[in-house]
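In what follows, a structure is listed as structure tokens, so that the remarks can point back to it.
The values are calculated or read from the model by the stated rules, or taken from the named source; none is laboratory data. This structure is a prediction, so every number in the text was calculated from the model and none was measured. No Cβ is skipped: glycine too gets one built from the backbone with ideal geometry, and neighbour counts run over all protein chains shown.
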């Protein structure tokens with residue numbers, strides 16, 4: 001029996017074709033959470049190391065000043081921060097009086113995070129950025145769409161609102177039609 005067993009191939013020692021032997025196996029590694037690097041405070045002072053509360057105060061202060069220099073720093077803060085500080089950077093950018101802000105507001109409106117989109121629409125309303133407000137009338141979140149309608153109303157563009165909502169009969173459009181007159 002032992003002699004016969006030697007003639008049968010070992011099934012555990014399988015040979016692989018040459019093209020499979022050189023191919024790297026497909027592996028998926030563990031998911032790694034990478035913290036964003038916060039470097040924007042160094043634009044104010046090279047040695048600045050600020051905690052979250054201090055960064056919030058600086059963001060709010062830059063929004064109060066609101067010039068082009070502040071807008072550049074706030075744009076970098078928007079790119080590097082997350083959560084409430086990112087929303088604060090958008091709100092502060094809305095107070096800056098420079099055309100460079102519009103591109104950042106467009107990026108903020110493209111976010112999946114509703115507070116970021118709301119802040120972008122609120123800032124666009126204060127800046128009179130009509131194309132973004134018109135697009136936001138179709139937003140998937142009712143509060144963002146209502147904020148866009150209110151911004152257009154404040155800018156005396158009620159015809160844009162009625163044109164956008166006249167062909168719609170969905171719940172969000174009906175809510176805007178119902179609530180907007182109450183707000184005005």
Quick check: is even one residue across region 85-92 in contact with a helix residue (DSSP H, G or I) (Cβ under 7 Å, 6 or more places away or on another chain), touching a residue at least 40 places away in the same chain (Cβ under 8 Å) and either within 29 Å of residue 165 (Cα to Cα) or not in a helix (DSSP H, G or I) (or both)? no
Residues being surrounded by fewer than 12 Cβ atoms within 10 Å (Cβ to Cβ) and either at pLDDT 85 or above or in a helix (DSSP H, G or I) (or both) - total across region 163-182: 5
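Being assigned by TED's automatic domain parsing to the domain that holds residue 169 and out of contact with any strand residue (DSSP E or B) (no Cβ under 8 Å at 6 or more places or on another chain) narrows it down to one residue among 139, 84; which is it? Quick ask: steps written out before the conclusion?
Values: 84 fails: assigned by TED's automatic domain parsing to the domain that holds residue 169.
Result: 139 is the single residue among 139, 84 that is assigned by TED's automatic domain parsing to the domain that holds residue 169 and out of contact with any strand residue (DSSP E or B) (no Cβ under 8 Å at 6 or more places or on another chain).
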Considering only residues that are out of contact with any helix residue (DSSP H, G or I) (no Cβ under 9 Å at 6 or more places or on another chain) and at pLDDT 85 or above, look in region 47-67 and name the one that is nearest to residue 100 (Cα to Cα). 67
